[in-house]
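Trainee: Submitted below is the structure of interest, expressed as structure tokens.
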Amino acid sequence: MNLPKLARIALCAALLVFSSSAVLAKKSDKAENEYPNATRSEPKTSMSASESRDLSKAADLVNDGENDKALPLIEKVLAGRKVGAYAQAFAQQLLGRVYWDQEQEEPALAATSKAIELDALPNNAHFGLMYQLAQMQVQTEKYADALKTLDRFKSETGVENPDQIALLGNIYYRLEKYQEAADTMKRAIAASSEPKESWNQILMASLFELDQYGEAAKVIQGQLAKTPDDIKLIKQLATVYINDDKYPQAIEVLSKAKEKGLISSQEDYVQLAKLYANAEKPKESAATLKEGIASGKVTPDYEVNKLLGDVCGQAEDEACAIDAYQKASAQSTDGNADYQLGYMLFYADRSAEAKVALERAIKKGGLRQEGEAYVILGDVESYADNEAAALAAWQKAQGFPSTKAMADQRIKAIRSGVKLKRSSKSK
């Protein structure tokens, strides 16, 4: 997994800030004990003057992003014949940081783990590095390892804070343990005075995976109460409603967002139009698409024109449907838009144009309703008194299960001398 360089640097910089004073700390400069309940005793920390000098300089170089200059100093210390455990651990810690910045994941994890296993760093550094290792393992998708590391961290420090709980919830989510992820994230959010947005996102995603759409909606609604114009949250809420088959609520959410000027992309307009169509509101669907096209926010490509033709047809707006299908026909690689165009033209008493469209549909191919295309083409020919052509088209239609009965009926009638009567629309 290749992580963005900035994300890597941010992770390490948050937990690994080195300085010469950290290497040369005096007993009088004792840092506050961040892990008072730790089961581990503070180790003795000592190193030679040369090790202190080299690691101090290396630490400053790492902090300044000059890893190429720091690496020889780190390697020099590690190659020393009499190097002590503390100097080794500190050097491995630095080495892990250098490798991580260079996007060498496995060496970075190995060096960081080695620094911990040497068991020579002060408690603050030792446990801080252990927590960082868990984060690194999450970012490199080693979730099972991260779970073990975090469990060890809690066991040895006695610490459990909101960030730690949230990281555990994140790990559960990555392991697809969605119920555990949801329960853990709820604990993290409840324990924090300022829960991070990402925690709510993982909670919502976990509930979504569990098909607990009502609970997921409540999480998003809670976030929207704080930031009501957050279009990302609005779209997430609409998605939750859609998956819960609550189309009216999804429409309400997105239509209100459109009224506030928050809906601005083609994807958003098309989604809202499709929702209206699914809710059997074709006029509103067509109006949404037309508004998007007129505003320049929606490009009238094949998908848009085909959808506009469909909803205009459902709304019995023949002129709109025919115009949209004609545009879609020019953009299509298969015959489906041409079939719909031929259908609309036929029932608009424009049989000659319908014939052209239907023949073009069959020639292009890829039809979902090929049998129906032959049936209507046969009807066109029959009304024009071209009985031989009508029979040929209907015989083609007999080869499709969906239209065999219709074709049989027409052929029987025409051979009995019964004139075909124009039928009403039926998609």
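Trainee: Output yes when any residue across the stretch 142-164 is under 26 Å from the mean Cα position of the chain (by Cα), more than 23 Å from Asp60 (Cα to Cα), among the β-branched types (Val, Ile, Thr) and assigned to a helix (DSSP H, G or I), and no when none is. Quick ask: steps written out before the conclusion?
Mentor: Residues of the stretch 142-164 that are under 26 Å from the mean Cα position of the chain (by Cα), as a first pass: 142-147, 162-164.
Cutting the leftovers down to more than 23 Å from Asp60 (Cα to Cα) gives us 142-147, 162-164.
Within this subset, residues satisfying the condition of being among the β-branched types (Val, Ile, Thr) are none.
Within the stretch 142-164, none of the residues are under 26 Å from the mean Cα position of the chain (by Cα), more than 23 Å from Asp60 (Cα to Cα), among the β-branched types (Val, Ile, Thr) and assigned to a helix (DSSP H, G or I).
Trainee: Report, ordered by the first and then the second residue, all pairs with beta carbons closer than 9 Å, sequence separation of six or more or different chains, a first member in the stretch 374-400 that is closer than 18 Å to Arg350 by Cβ, and a second member that is surrounded by fewer than 16 Cβ atoms within 10 Å (Cβ to Cβ) and hydroxyl-bearing (Ser, Thr, Tyr).
Mentor: Cβ pairs passing all conditions: Asp379/Ser423.
Trainee: Quick one: Ser155 ticks every box in (1) out of contact with any helix residue (DSSP H, G or I) (no Cβ under 9 Å at 6 or more places or on another chain); (2) polar (S, T, N, Q); (3) modelled with pLDDT under 95 bar one, so which box is it?
Mentor: Checking Ser155 against (1) out of contact with any helix residue (DSSP H, G or I) (no Cβ under 9 Å at 6 or more places or on another chain); (2) polar (S, T, N, Q); (3) modelled with pLDDT under 95, the one that fails is (3).
Trainee: So Glu316 fits all but one of (1) in a helix (DSSP H, G or I); (2) farther than 13 Å from Val270 by Cα; (3) not small (Gly, Ala, Ser); what number is the exception?
Mentor: If we test Glu316 against (1) in a helix (DSSP H, G or I); (2) farther than 13 Å from Val270 by Cα; (3) not small (Gly, Ala, Ser), just (1) comes out false.
Trainee: On to the next question. Quickly run through the stretch 338-352 and pick out the residues that are buried (at least 18 other Cβ atoms within 10 Å of the Cβ) and among the acidic types (Asp, Glu).
Mentor: Asp338
Trainee: On the basis of being out of contact with any strand residue (DSSP E or B) (no Cβ under 7 Å at 6 or more places or on another chain), among the β-branched types (Val, Ile, Thr) and in the same structural domain as Gln93 (by TED's automatic domain parsing), does Ile171 make the cut? Lay out the reasoning, then the answer.
Mentor: Details: out of contact with any strand residue (DSSP E or B) (no Cβ under 7 Å at 6 or more places or on another chain): yes; among the β-branched types (Val, Ile, Thr): yes; in the same structural domain as Gln93 (by TED's automatic domain parsing): no.
Spelling it out, it is not the case that Ile171 is out of contact with any strand residue (DSSP E or B) (no Cβ under 7 Å at 6 or more places or on another chain), among the β-branched types (Val, Ile, Thr) and in the same structural domain as Gln93 (by TED's automatic domain parsing).
Trainee: From the list Glu176, Glu180, which residue is at positive phi, out of contact with any Leu (no Cβ under 6 Å at 6 or more places or on another chain) and at pLDDT 95 or above?
Mentor: Working: Glu180 fails: at positive phi.
Criteria check complete, one pass: Glu176.
Trainee: Further question on the same structure: Specify which of the listed residues (Tyr343, Tyr302) is in contact (Cβ under 8 Å) with a residue 24 or more places away in the chain and over 22 Å from Val270 (Cβ atoms).
Mentor: Just one listed residue meets the conditions, Tyr343.
Trainee: Only residues that are among the charged types (D, E, K, R), farther than 21 Å from Asn124 by Cβ and in contact with an Asp or Glu (Cβ under 8 Å, 6 or more places away or on another chain): list them for the stretch 137-174, please.
Mentor: Filtering the stretch 137-174 down to residues among the charged types (D, E, K, R) leaves 141-142, 145, 148, 151-152, 154, 156, 160, 163, 174.
Then drop every residue that is not farther than 21 Å from Asn124 by Cβ, which leaves 141-142, 145, 148, 174.
If the condition is that a residue be among the charged types (D, E, K, R), farther than 21 Å from Asn124 by Cβ and in contact with an Asp or Glu (Cβ under 8 Å, 6 or more places away or on another chain), then Arg174 is the only one that fits.
Trainee: Scan the stretch 175-220 residue by residue and report those that are under 17 Å from Ala134 (Cβ atoms) and surrounded by 17 or more Cβ atoms within 10 Å (Cβ to Cβ).
Mentor: Within the stretch 175-220, Lys177, Ala181, Thr184, Met185, Ala188, Trp199, Ile202 meet the criteria.
Trainee: What's the number of the only condition in (1) at pLDDT 95 or above; (2) within 31 Å of the chain's Cα centre (by Cα); (3) surrounded by fewer than 22 Cβ atoms within 10 Å (Cβ to Cβ) that Leu168 fails to meet?
Mentor: Evaluating Leu168 over (1) at pLDDT 95 or above; (2) within 31 Å of the chain's Cα centre (by Cα); (3) surrounded by fewer than 22 Cβ atoms within 10 Å (Cβ to Cβ) leaves (3) as the failure.
To keep it simple, each residue is scored yes or no on (1) at pLDDT below 95; (2) of a type in the set (D, E, K, R).
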residue	(1), (2)
Gln326	no, no
Gln340	no, no
Met344	no, no
Ala352	no, no
Arg360	no, yes
Leu377	no, no
Val380	no, no
Ala384	yes, no
Ala390	no, no
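Trainee: Take Leu289 and tell me if it is farther than 24 Å from Pro228 by Cβ and crowded, with 20+ Cβ neighbours inside 10 Å.
Mentor: On the way: farther than 24 Å from Pro228 by Cβ: yes; crowded, with 20+ Cβ neighbours inside 10 Å: yes.
Yes; evaluated as a whole, the condition is true for this residue.
Trainee: Which members of the stretch 354-411 meet the condition of being polar (S, T, N, Q) and over 50 Å from the mean Cα position of the chain (by Cα)?
Mentor: Taking the stretch 354-411 as the starting set, the residues that turn out to be polar (S, T, N, Q) are 369, 382, 386, 395, 398, 402-403, 409.
If the condition is that a residue be polar (S, T, N, Q) and over 50 Å from the mean Cα position of the chain (by Cα), then Ser382, Asn386, Gln409 are the ones that fit.
Trainee: Also: Starting from the stretch 68-84, take each residue that is part of a helix (DSSP H, G or I) and list its partners that are buried (at least 18 other Cβ atoms within 10 Å of the Cβ) and aromatic (Phe, Trp, Tyr), counting only C-beta distances under 9 angstrom and pairs at least six apart or across chains.
Mentor: From the stretch 68-84, the pairs are Val77/Phe90.
The values are calculated or read from the model by the stated rules, or taken from the named source; none is laboratory data. Everything numeric here is computed off the predicted structure, so don't read it as measured data. Cβ: placed from backbone, ideal geometry, glycine included. Neighbour counts: every protein chain shown.
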